[in-house]
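These notes are about the structure you will find just below.
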Amino acid sequence: MTISQYFILGWIGCGIFILFALIWLFGLITSQPRLRFACDFFLVGALFIMLIGFGGRHKQVLLQEKRQAAIALKHKNYDQTGEKFRQNSTDIAKSIDEAATSVTTAWQDALKANQQKKKSKSKKAPLSPSKAVSQAFKDEKSQLEKGKKKLLKQADLLALLKQYQYKNAKIKYASYKAVQKTELAYYNAVVSINGLTLAQYQKQVSRAKEKYDQAASELGPR
């Protein structure tokens, strides 16, 4: 039964109680003990109906309040977890951006130095592109490891978001999932360099970053 149905039942019990209470008083005034005795049963029955009606309504109200509190807590957990996810995503993107810029710059500088070496008579051998890129990765190792740890944390946060998701959420679970997928692809694009030329590497990184930025835009401004 619904809250309103319990409420109506309670008032029906009240009506029955008032009716037979009046009849009981009439029996008292007219000295009719049998009538009063019969009314006693109906009065007890009416009290029982009132107890079911108003007691059931009170119980349903409490249950509804508990459900609403549980829903509100679920929404709060979703929003708070989403905020942590977005902050993590921003930090990850920053780490990956820095690493990608460092590697690309080192690669470009090494190629440029080698081209100038061919034109000059200097005997000093410049750093080879492969060594320059390796050194850049070493320099950015801490940033990349930091990003990798946060990527693992994102998977945990995504699992919580799946658990807390609700229908009318401002930012849908699918948007968070898309960000997690594209930021992982972006990370892999930056660290996957074997067999690529500089142009191919830049294209690979650019495409991955574009997809990530598009997915991240669904989470709002960073």
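Looking at the square roots a ≥ b ≥ c of the eigenvalues of the Cα gyration tensor of the range 63-178, which shape do they give, rounded for a/c under 1.5, prolate if a/b is larger than b/c, or oblate? Verdict is prolate for the range 63-178.
Here the gap between Leu111 and Ser31, fully extended at 0.36 nm per residue and compared with their Cα-Cα distance, gives a gain of 17.0 nm.
The calculated 222 nm mean residue ellipticity attributable to helices in the chain amounts to -30500 deg cm²/dmol, summing -39500 (n - 2.57) over DSSP H runs of n ≥ 4 and dividing by all residues.
The fraction of Cα-Cα pairs per 5 angstrom bin, counted from 0 for the range 1-61, comes to 5, 22, 24, 16, 12, 9, 7, 4, 1 percent, rounded to whole percents.
Couplings 3J(HN,Hα) of the range 137-152, computed from phi: 5, 5, 5, 9, 4, 5, 5, 5, 5, 4, x, 5, 4, 5, 5, 5 Hz, in residue order, whole Hz [Karplus 6.51 cos²θ - 1.76 cosθ + 1.60, θ = phi - 60°; x for Gly and Pro]. Rounded to the nearest Hz, the phi-derived 3J(HN,Hα) couplings of the range 91-101 under the Karplus curve 6.51 cos²θ - 1.76 cosθ + 1.60 (θ = phi - 60°) are 5, 4, 4, 4, 5, 5, 4, 4, 5, 5, 5, where x marks glycine and proline. What residue among Ile29, Ile52, Ile92 has the largest mean-square fluctuation in a Gaussian network model of the chain, using Cα springs under 10 Å? Looking only at Ile29, Ile52, Ile92, the biggest GNM fluctuation is shown by Ile29.
One chain, two ends: Thr197 and His58. Fully extended at 0.36 nm per residue, the span grows by 42.7 nm beyond their Cα-Cα distance. A simple spin-label model places the labels of Leu160 and Lys177 1.9 nm from each other, with each point 7 Å out along Cα-to-Cβ. About its Cα centre, the range 84-195 has a charge dipole of approximately 200 debye under the convention of +1 per Lys or Arg Cβ and -1 per Asp or Glu Cβ, with nothing else charged.
Computed from Cα atoms, the angle from the helix 198-216 axis to the main principal axis of the chain rounds to 10 degrees. Ranked from largest to smallest solvent-accessible area, with a 1.4 Å probe on the protein heavy atoms, Met1, Met50 come out as Met1, Met50. Around the amide H of Leu196, modelled in the peptide plane, lies no amide H under 5 Å away from a residue 5 or more places distant or on another chain.
The values are calculated or read from the model by the stated rules, or taken from the named source; none is laboratory data. What you see is a predicted model; the values in this text were computed from it and never measured. All Cβ positions, even for glycine, are placed from backbone atoms using ideal geometry, and neighbour counts span all protein chains on display. Side chains included, ligands, DNA and RNA excluded: accessible areas come from the protein's heavy atoms. Shrake-Rupley method; radii C 1.70, N 1.55, O 1.52, S 1.80 Å.
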